[in-house]
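Asker: Here it is, the structure, as structure tokens.
Derivation of every value follows stated rules applied to the coordinates shown; laboratory data play no part. Here the structure is a predicted model, which means the values were calculated and not measured. All Cβ positions, glycine included, derive from the backbone under ideal geometry; neighbour counts span all protein chains shown.
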Amino acid sequence: MRLAVVTPFVDRQHGTERALAELLDRLSREYGCEIHLYAERVADLSVISPPDEKPVILSRSKDGEGSQLSPNRPTQQDPGAIAKNAGAASPVGSITWHRVPSIPGPHLFKFLFWILANTAMRWWHRVARGQRVDLVLSPGINCLDADFIIVHALFRRLRALSAEPSAQSDAGEAQSVGLLRRLHRRAYYATVAALERIVYSNRKTRLAAVSRRTADLLGRYFNRTDVTVIYNGIDTFKFSVPARLARRQGARYRRNFSEKELVLLLIGNDWRVKGLPTILAAMAATRDLPLRLIVVGSDVAAIFQHNAQQLGIADRGLVFDTQQLAAQYAMMGDGLALLDPLLFHEEIKAGRLVRPFDLWLDEGYGYYLTTHPEDLSNEAVALFRSWLIARFSGGAPAPAPEPEPAAEGTKLQAAPAEPPKLRAAK
């Protein structure tokens, strides 16, 4: 079977994209499907280039070979090897990546261009090359002519949730996000919701939902009662109790969490829709519990930091993991990131991240020291800060730099070699 798969990008770092990558990998290896992948970016998936295009090199390692998913699973397939194995007992398919161009600019404009570009490219391949496919597969709204769509989220529902009033969120958003950004998000949601109404209402298009709840929403909004529910599988080797326990102590140590603290982890984008304001309100209502929160994803962190300050829980371990977000952008091919190689050892080993230089930048600080700016006017606080810098700045014997006075007229002494005896601040 020859399939055309339309999606902006594929990798194994995001939930929906990972499920799609594993589906395509299995269809090509176990069912011998010829897959033509139309995407802007591809990572963590074995692909080949069309005959008239340059070879696809997803990444480079130190020895010059392509990055690998596993010892026996190359990132780039060899067309000659595929033809050589064509007579094997097991079916051998292929995944051909057709790189769809993209444009810079607001996400709404990029989305509309993406639909036009992949549609035009598939039309040209059908007319000029005679490349006809048996099925057009799309995860969500990526084109208007898909035969089969895997629905993982409904923007009509997201639009309704984002429009729900929330006094704290609206106050933070008004201060942290500009008017143009808010208008752009609303316009993007409205555009995709309108396309959903056109595409999902067409009964010639087969729909599959990743959950019963999504299937029920498709029936409520678009009167589609013929939706098939296909649940995403779980890798029980990686997502298991032994794997979690093996990483638990190290992860808590790096974050400076004690065993008695309850740590909540929220992973996802569009945090308001994911329920982050509700989590913050719950943390404020349960101050007697040692709750801590880590948020990983892409959104405007300043909005929710403002909410946490208003609720009085900003000091309860609220962490927005920007290093993990920077690593995701680097793995998507969007640029370089300064990262700790010890924390991303598995990504480097698998080839998802590549170290362009064998350099280690040691800035001398292995901790975060958080103080209020006005506290530095207190001599005791300033002396203690000065001693910390001298003590833990890479173990250098040289004295720490003089701390900057936060208030005019405050005279600070040089950092002592031993912890100072602090007197109570008046």
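Asker: Starting from the amide H of Val5, placed 1.01 Å from N in the peptide plane, find each other amide H under 5 Å away whose residue is 5 or more places distant or on another chain.
Answerer: His36, Leu37, Tyr38, Leu137
Asker: Further question on the same structure: From the phi of every residue in the stretch 122-132, what ³J(HN,Hα) in whole Hz does the Karplus formula 6.51 cos²θ - 1.76 cosθ + 1.60 yield, where θ is phi - 60° and glycine or proline is x?
Answerer: Running phi through 6.51 cos²θ - 1.76 cosθ + 1.60 with θ = phi - 60° gives 5, 5, 5, 5, 6, 7, 7, 9, x, 8, 9 Hz.
Asker: Which ³J(HN,Hα) values in Hz, rounded to whole numbers, follow from the phi angles of the stretch 305-313 under the Karplus curve 6.51 cos²θ - 1.76 cosθ + 1.60, where θ = phi - 60° and Gly and Pro get x?
Answerer: For the stretch 305-313, the Karplus curve yields 5, 5, 4, 5, 5, 5, 7, x, 10 Hz.
Asker: Measuring from centroid to centroid over Cα atoms, what is the spacing of the stretch 239-263 and the stretch 92-120 in Å?
Answerer: Here the two parts' Cα centres lie 39 Å apart.
Asker: Further, regarding this structure: In the structure displayed, which of Lys204/Lys238; Lys238/Lys274; Lys110/Lys349 lie more than 29 Å apart, Cα to Cα?
Answerer: Lys204/Lys238; Lys110/Lys349
Asker: Spin-label point model (7 Å from Cα, Cβ direction): what's the Ala380 to Leu265 distance in nm?
Answerer: Modelled inter-label distance: 3.9 nm.
Asker: Ok, one more. Please give the FRET efficiency for Asp315 paired with Ala281, using the beta carbon to beta carbon distance and R0 = 25 Å, rounded to the nearest 0.05.
Answerer: Working from the Cβ atoms, E equals 0.90.
Asker: Right, something else. List the residues, sorted by chain then number, that are 5 or more residues from Asp270 or on another chain and whose placed amide H is less than 5 Å from its amide H.
Answerer: Close amide H contacts, sequence-distant or interchain: Ser298.
Asker: Then there is this: Considering amide H positions built from the backbone, and no H for Pro or chain starts, which residues 5 or more places from Asn232, or on another chain, come under 5 Å of its amide H?
Answerer: none
Asker: Quick one: Karplus J couplings for the stretch 95-103, per residue in order, coefficients 6.51, -1.76, 1.60, θ = phi - 60°, nearest Hz, x for Gly and Pro?
Answerer: Along the stretch 95-103, the couplings run 10, 9, 8, 9, 6, 8, x, 10, 10 Hz.
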